[in-house]
1. Name the single residue, out of those in the stretch 77-87 being within 15 Å of PRO113 (Cα to Cα) and in a loop (DSSP other than H, G, I, E, B), that is farthest from the chain's Cα centre (by Cα).
2. Within the stretch 1-76, which helices (runs of 4 or more DSSP H) (wholly inside it) include 3 or more residues that are more than 21 Å from the chain's Cα centre (by Cα) and hydrophobic (A, V, I, L, M, F, W, C)?
3. Any residue in the stretch 137-152 that is more than 21 Å from LYS75 (Cβ to Cβ) and acidic (Asp, Glu)?
4. May I ask you to say which residue of HIS91, HIS70, HIS55 is touching a Leu at 6+ places or on another chain (Cβ under 9 Å) and surrounded by 16 or more Cβ atoms within 10 Å (Cβ to Cβ)?
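Quick note: the coordinates plus some simple rules give every number you see, no bench work behind them. Since the model is a prediction, treat every value here as computed from it, not as a measurement. Note that each Cβ is placed from the backbone with ideal geometry, even for glycine, and that neighbours are counted across all protein chains shown.
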Amino acid sequence: MPALFPRWSDTAFRIGLGAVAVSLLVLVVGPMIYVRTPYITGQFFAFDQPVQFDHRHHVQDDGIDCRFCHDGVDKGKRAGVPPTERCMGCHAQVWRSSVMLEPLRRSFYSGQPISWNRVHQLPDFVYFDHSIHVAKGVGCASCHGRVDEMAVVYQSAPLTMGWCLACHRSPEANLRPRAEITNMEWRQTDPAQGRELAREYDVRPPTNCTGCHR
């Protein structure tokens with residue numbers, strides 16, 4: 001009696017089962033990987049701004065401290081952006097006729113604030129307070145990277161939940177003396193220093209859901 005199925009049917013069946021298993025794996029794992037890519041997290045993407053602002057010049061050449069412009073960083077949830085009046089405090093005298101600064105002058109004389117494009121954007125369901133991180137010794141560069149070397153600011157960190165939790169579980173490597181918070185060039189050279197700062201500043205970051213999702 002001839003065989004009901006040809007000899008290659010077993011091989012085809014195994015290949016089919018393998019293809020189904022791989023497809024299911026891709027359907028489950030694929031989206032998990034995709035949402036962690038820079039395309040979704042926004043990492044490394046720069047945004048055009050209404051006024052061209054070069055942090056390299058303002059920080060490295062002029063020596064302006066981060067807190068001069070972002071004066072809310074050690075006081076509350078948001079770091080804030082400088083009002084037009086603060087920018088004009090310098091630019092009423094420096095580059096007064098620059099075409100590049102026309103949007104700044106227009107904002108100053110009209111009273112309409114400049115609509116800056118936000119670079120670091122967390123979801124609405126995530127609670128984040130800048131001031132507590134600054135108070136506990138987390139420097140600007142730990143999250144924002146070397147902004148002093150950026151012609152156009154971009155998001156240097158993924159800002160994913162896993163990235164945040166990694167720091168909350170082992171914060172010592174990202175701690176520095178409070179006097180060095182805005183020093184972009186400061187580097188921790190001894191792990192013991194991080195552990196000592198964690199004790200001194202009583203660093204106990206939450207790792208439970210309600211710590212960031214309220």
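1. PRO83
2. Answer list for the stretch 1-76: 9-34.
3. yes
4. Going through HIS91, HIS70, HIS55 in turn, just one is touching a Leu at 6+ places or on another chain (Cβ under 9 Å) and surrounded by 16 or more Cβ atoms within 10 Å (Cβ to Cβ): HIS91.
Residues are listed down the side, and each one gets a yes or a no for (1) part of a loop (DSSP other than H, G, I, E, B); (2) over 16 Å from the mean Cα position of the chain (by Cα); (3) not polar (S, T, N, Q):
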| position | (1), (2), (3) |
| --- | --- |
| SER115 | yes, yes, no |
| SER131 | no, no, no |
| CYS164 | no, no, yes |
| THR189 | yes, yes, no |
| ALA192 | no, yes, yes |
| ARG204 | yes, yes, yes |
